[in-house]
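Below is one structure; the comments refer to it alone.
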Amino acid sequence: MPIQILSDQIIGQIAAGEVVERPASVVKELLENALDAGASNIHISVNGGGRKLIRISDNGTGIRADEVKLAFTRHATSKLHTIDDLYTLVTLGFRGEALASIASVSRTSVTTRHHQEEMGTQLHIEGGEIIRQQATGAPSGTVIAVENLFFNTPARLKFMKKETTEKRHISSIVTHYAMAYPEVRFTLEQDGRESFRSNGSGALIDVLVQAMGLDNVRQMIEVTANEFSHRDQPPATVSGYISTPEYHRSDRNSITLFVNGRWIQDSRLTYAITQAYHGYLNDGRYPVAVLMLDVPTQEVDVNVHPTKAEVRFRDASGVFSAVQRAVRQAVLAADQQARQHQAIDDGFGGVPVRRGADQWHENNPDTQLDMGLQVDAVTNHPQSYSAYSDDPTAIPEGPGRPLKPRTLPMLRVVGQVGAMYIVAEGPAGMYLIDQHTAHTRVLYESLLEAYQQGQAVVQHTLSGISVDLKPTEMRSLEDHAALLHQLGIELEKFGPGTMLLRALPAMVIQMVIQNEGQAVHLLRSITEKLSQKDHLEQVVHCLSTFAAYKTGQILSHDEMQGLIRELERCAEPRTSPDGRPTLLHMSSDQLARQFGKA
Ligand code: ADP
Ligand code: MG
């Protein structure tokens, strides 16, 4: 092909590809324009997942008659005039590309009346070509209708996802903007059915109830605006809602971030939030969060990405730690409160945590929750949770297997001392934990429980391990074969003085396979215990001691945190099965006294 300069129309279509990737991008751009125009009421109506029609009406300022055409010209904007304006920007838009891009790949019409003008204007554009413009009577505000999206870009059309996918993306965009602008009333109608509505009350919690359902909001806690200031700049704030540690999901998609009212993607901040749950969530589990960051405009660069979905912070690590700190504080406070609810005394008076639902109730005192009146209307909402995940079948995940009640506060591992003790901190002070006795306690309770439920986790040895024993020992083992079997120990008589060890509880097998000599030692100790009165507990204790971390063993951070997480829910976390202490606790008060601070 010879070299040719592309026509304006093709340039427009190519450029449009950056801004308008899918129907939801059109919704996003038009919503941003309506918000920038100061609308307090925005109605979105979509047909066919946005392919057939996207119509957005707002009651904002409207566009002056003599500027309507210009608004659809590429790089035409009223929001920025010099490059410095970028750093004092208070609008969502600034590139002047959206309307031109959208109009170049669809049939678009606009009806608008500027609030200071008498007459409105109507303009029709097809594939970027102006078809007609006329004066018209119209309420103050703007209605933009986008039909047959991508009708003239067949390649883009081919990449379109299923209608349901597009619908989900659209509803996600709308609910997210509604969260960022709780003072604006949003209504979304898809194929003639209202699927989302916010009431414009100004309270984020009201929007969350509409978007997530009250049941999920019950599990959210408030992050109150935490002032942080850095480098002598005016303070910025972090606020919003995060899930309690009991409410988590399998991906990061439910972590939502807004910076100065702009919905952004930021993997570092997402990580900061996830990190703040350290010690509270298992690997591979992620919290639900809706966080608003307000940062001085000169501290953020919004001009990083054509869809404006990413920003750059001047002090990225300052923002990172501010977010992490704010979330961590809320998680710790929620944990404290949860413990107080369980009436487990750790001598600590806590900070009250505002649960999402509590707060919603304060605002909606008339609502009869327990009678399910409003609740049903909200939670059975067809779009209820769709905004939160790409997986249409995804249902919000509540607590997984029922956890045993917590008996210790949530502790965070600080480190290991002398390959013997774990230092941990909790809201009530410092804990020194003996890794061996504590682990013995954890294994003891879990094996005993597994035994009682007939669910011991058993592991078979490949060809059996032969163990030579005395006749009395042989007999004792044979006599208790049933009990041993239920604990996961399977033995087979192999000769007059030999037992073949076929299987062992999973927790001890590794040690025995690594060193077969251990098998004799273990079986001998077990036979000894079998002759005692409370022989079940004795045998379980023996197995647990055998499997527990040894004094002198260096543990990884995850091993320590894992151990402590289990210990926190043991029935008797403070002693080993034979009554020795597993932990020493120094309360914050005691520490202060010791250091002469109280
Ligand atoms: P940008 O938002 O980046 O300025 P757009 O192409 O989205 O670029 O819009 C171009 C201009 O059209 C805006 O700067 C604004 O002046 C005007 N405009 C667009 N939508 C609306 C609306 N809903 N209400 C009032 N003015 C609007
Ligand atoms: Mg715009």
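Bear in mind that the values in this text are calculations on the coordinates, not laboratory data. All figures in this text were calculated on a predicted structure; none of them were measured in a lab. Backbone-built Cβ (ideal geometry, glycine too); neighbour counts: all protein chains shown.
For Lys52 and Thr73, what is the calculated FRET efficiency with R₀ set at 25 Å and r taken between the beta-carbons, to the nearest 0.05? Efficiency, from the Cβ-Cβ distance: 0.40. When the Cα positions of Gly464, Ala316, Gln210 are compared along the charge dipole of the chain, Gly464 comes out farthest toward the positive end, with charges on each C-beta of Lys, Arg, Asp and Glu.
Return Phe320, Phe258 ranked ascending by Cβ neighbour count within 10 Å, so the fewest neighbours appear first. Walk me through the intermediate numbers first.
Numbers: Phe320 17, Phe258 20.
With the sparsest Cβ surroundings first, the list reads Phe320, Phe258.
Net charge dipole, the stretch 101-225: roughly 440 debye, given to the nearest 20, about the Cα centre with Cβ charges of +1 for Lys and Arg and -1 for Asp and Glu. How high is the FRET efficiency between Gln532 and Asp589 when r is their beta carbon distance and R₀ equals 41 Å, given to the nearest 0.05? The calculated FRET efficiency here is 0.45. The charge dipole of the chain, taken about the Cα centre with unit charges on the Cβ atoms of Lys, Arg (+1) and Asp, Glu (-1), comes to about 580 debye, rounded to the nearest 20.
The dipole here belongs to the stretch 5-65: it is taken about the Cα centre, uses +1 on the Cβ of Lys and Arg and -1 on the Cβ of Asp and Glu, and is about 300 debye. For Arg132 and Ser317, the difference between the fully extended length at 0.36 nm per residue and the C-alpha to C-alpha distance is 61.4 nm.
What net charge do the residues around Phe546 carry, taking every other residue with its C-beta under 12 Å from that of Phe546, with Lys and Arg at +1 and Asp and Glu at -1?
On the way: positive: Arg524, Lys529, Lys550; negative: none.
Charge balance in the 12 Å sphere: +3.
Model label points for Arg252 and Thr472, set 7 angstrom from Cα along the Cα-to-Cβ axis, are 6.3 nm apart.
Sorted by mean Cβ packing within 10 Å, highest first, what order do the peptides 424-430, 203-209, 2-8 take?
Details: 424-430: 19.9, 203-209: 24.1, 2-8: 7.1.
So the order, starting with the most tightly packed, is 203-209, 424-430, 2-8.
Axis angle, to the nearest 10 degrees, between helix 517-530 and the longest C-alpha principal axis of the chain: 70 degrees. For the chain, the longest principal axis of the alpha carbon atoms and the long axis of helix 435-452 meet at an angle near 90°.
Which shape class, rounded, prolate or oblate, goes with the stretch 103-175 when its Cα gyration tensor gives a ≥ b ≥ c as root eigenvalues, a/c under 1.5 marks rounded, and past that a/b bigger than b/c marks prolate?
Values: a/c = 4.53, a/b = 1.63, b/c = 2.78.
Cα axes put the stretch 103-175 in the oblate bin.
Packing, as the average of other Cβ atoms within 10 Å across residues, places the peptides 540-552, 116-128 in the order 540-552, 116-128, highest first.
Each peptide among 27-37, 175-185 gets the average number of other Cβ atoms lying within 10 Å of its residues, and from highest to lowest they stand as 27-37, 175-185.
Rounded, prolate or oblate: which fits the stretch 74-213, taking a ≥ b ≥ c as square roots of the Cα gyration tensor eigenvalues, rounded meaning a/c under 1.5, else prolate when a/b beats b/c? Let's see the in-between values first.
Details: a/c = 1.45, a/b = 1.16, b/c = 1.24.
Rounded is the answer for the stretch 74-213, as its axis ratio a/c remains below 1.5.
A straight line joining the Cα centroids of the stretch 135-186 and the stretch 416-479 runs 59 Å.
Let me check against my output: what whole-number percent is the relative contact order of the chain, with C-alpha pairs under 8 Å and at least 6 apart?
Working: 1128 pairs, mean separation 64.4, N = 598.
Once divided by the residue count of the chain, the mean separation gives 11 percent.
Based on the alpha-carbon gyration tensor of the stretch 65-132 and its eigenvalue square roots a ≥ b ≥ c, which shape applies: rounded if a/c is under 1.5, prolate if not and a/b is larger than b/c, or oblate? Oblate, since a/c reaches 1.5 and b/c is not below a/b.
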